[in-house]
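Read the figures in this text as sums done on the coordinates, not as results from a lab. Quantities reported herein were computed from a predicted structural model and do not represent experimental measurements. Note: ideal-geometry Cβ built from the backbone for every residue, glycine included; neighbour counts use all protein chains shown.
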Amino acid sequence: MPGVRRVWIIGALAVLVGCGEPGRGVVRDDTAKSPPPSTGAETPARSEVPKSFELSEPARRALDAKLSISPPGTKGWKPESNQMVIEAEKMDRALLALRESLASTQVIASYKEGSFDVKSDWKIRDERTFSIQYFSPDSGPQQNLLKGDGKRRVELAFGEWRNLPPYGGALKAGDESLDKLPLTIVRRMASPFRSGEPFWGPLIRALARGEAGYALNSESQVVQVQGKERKIIRYIAERSKPTKASVEIVVDVQRSVPLTVRASETRPDGGEDRVMWTAKWSFQGGKHQDSDFVVPTKP
């Protein structure tokens, strides 16, 4: 069908093929078949030790392809200007509305102090019960962990545990800072769980206003997931000064979850900080153990 990308089906897994970039997202949508939530003995959290890498020239070209943001209007993307800020604002609430969901994520980063390629999980039972593993260039190649057990939430970041604000209330105003996005965007993505502060809405609003010299465009295309047409949106923002920088966010419109995020910025020394985050989402339910969400008694 013209204008519609196909999806390869592997068992029950629906893969969004041709989302426009390498490192594309994956969506598994069979919530109706979900068994009840399971409990049981503690299982180790899935996470990999980040791999720093010294690259051959062919491997470097492959890495560049993964971290590079394709120009607007390529790889099947068409202009999409309708309600782009409104669509972004749905994302923060959609993440908090998830139930028994899993995002298997990958982060590839190349920055002044080094580089890493790592996989880890976001386990979400509900807005108060979650275990979010993440690696962020601003904290270097060490695992960070954000956890909530329904009563309180804590975070392991920069090598130290800390208590987080109590649950409650509506989403706050959120941080609209665009400073050093390649180094901080992976950490800030979890803000709705960390503090009740939205991230995606404020970010897209700031980009749409032209803050920090950015110009924002949005594009869309239709893919097929399990035989059904599904729309995805790509936000792409670029600037040429004071430093050259780009941001790309690919979103599944039906679920309002991020599939792929890329950010790059040229440093004053002429080098470049770059990061890619991508997720394979599953909404099956019944996959998490109660022990996944246990928080330390005294962080």
Pop the C-beta distance of Lys78 and Trp161 into the FRET formula with R0 = 45 Å and round what comes out to the nearest 0.05.
0.45
Past 29 Å, Cα to Cα: identify those pairs from Lys66/Lys298; Lys90/Lys298; Lys90/Lys228, in the order given.
Lys66/Lys298; Lys90/Lys298
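I need the trypsin sites (Lys or Arg not before Pro) found in the range 86-153, filtered to DSSP loop residues with at most 10 other beta carbons within 10 Å of theirs.
Values: sites: Lys90, Arg93, Arg99, Lys112, Lys119, Lys123, Arg125, Arg128, Lys147, Lys151, Arg152, Arg153; in loops: Arg99, Lys112, Arg128, Lys151, Arg152.
Here the sparse-neighbourhood loop sites are Lys151.
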Built amide H within the under 5 Å cut-off of Glu80, gap 5+:
Ser218, Glu219, Ser220
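So, R0 is 45 Å and r is the distance between the beta-carbons of Glu229 and Lys298; what FRET efficiency does that work out to, to 0.05? All intermediate terms of the calculation are to be shown ahead of the outcome.
On the way: r = 51 Å, r/R0 = 1.13.
About 0.30, to the nearest 0.05.
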Treat each spin label as a single point 7 Å out from the Cα along the C-beta direction, and report the Gln289 to Arg267 distance in nm.
4.0
Tabulate in residue order the Karplus-calculated ³J(HN,Hα) for the range 160-165, using 6.51 cos²θ - 1.76 cosθ + 1.60 with θ = phi - 60°, rounded to whole Hz; enter x for Gly and Pro.
9, 7, 8, 6, 10, x
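Take peptides 289-298, 189-198, 241-250 and line them up by average Cβ neighbours within 10 Å, highest first, as a rough protection proxy. Walk me through the numbers before you get to the answer.
Details: 289-298: 13.7, 189-198: 21.2, 241-250: 18.1.
Top to bottom by mean Cβ count within 10 Å: 189-198, 241-250, 289-298.
Quote to one decimal, in nm, the extra length available between Val222 and Ser177 on full extension: 0.36 nm per residue of separation minus the C-alpha distance between them.
On the way: separation 45, 0.36 × 45 = 16.20 nm, distance 3.14 nm.
Result: 13.1 nm gained on full extension.
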Quick check: residue separation of Arg209 and Arg99 times 0.36 nm, minus the Cα distance between them. What number comes out in nm?
36.3 nm
